[in-house]
């Protein structure tokens, strides 16, 4: 919980303490909520009982310094889909991203390109069936691992009004992580933000 409070304080500093260029109408702070679906590609998928699909909610806050560039901080908590073989899979992540906005002519739609880093932790309980003399034996192991990851993405935002945006992003995590357990991951997000 202390980490979440630190993220909120950092977002407040980012939104209110960073000077905005004078006369730039697009220089605004914003905060948002999004649903995230993440698909992981495991390095050793054969025999793994880990789910490869995670879903959950995230919050983000940022500042748009010009009409083309912004920065944001985010927090997500994702959980695996229900599975008969895996219980209690949770993924937490804190991210910092730069965003580049490309307005599409005079429409309220703009393209977004993102790049950033994420500090992610995974907690799971894995049950495996191993052969034993008296018959199959269920062995349970608990894992709690943390890694720093790079991500890049693209997406679109519809500015529904002057203060409300609806956006969707696809982000890709290209590197192996969590002791080479995960080869790569792809994240899909859909959410909204309010600027002020």
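The values are calculated or read from the model by the stated rules, or taken from the named source; none is laboratory data. Because the structure is a prediction, the values reported are computed rather than measured. Here the Cβ is made from the backbone with ideal geometry for all residues, glycine too, and neighbour counts use every protein chain on show.
Would you mind stating whether residue 83 is modelled with pLDDT under 95 and outside any strand (DSSP E or B)?
Details: modelled with pLDDT under 95: yes; outside any strand (DSSP E or B): yes.
So residue 83 passes the test.
Take residue 115 and decide whether it is touching a residue at least 12 places away in the same chain (Cβ under 8 Å) and over 16 Å from residue 90 (Cβ atoms). Spelling it out, residue 115 is indeed touching a residue at least 12 places away in the same chain (Cβ under 8 Å) and over 16 Å from residue 90 (Cβ atoms). Within region 170-187, being touching a residue at least 60 places away in the same chain (Cβ under 8 Å) and crowded, with 17+ Cβ neighbours inside 10 Å holds for 181, 182, 185, 187. For region 176-191, the set of residues classified as over 8 Å from residue 40 (Cα atoms) and modelled with pLDDT of 90 or more consists of 187, 188, 189, 190, 191, listed by residue number. What's the number of the only condition in (1) modelled with pLDDT of 90 or more; (2) surrounded by fewer than 19 Cβ atoms within 10 Å (Cβ to Cβ); (3) closer than 20 Å to residue 183 by Cβ that residue 126 fails to meet? Status for residue 126: all satisfied but (1).
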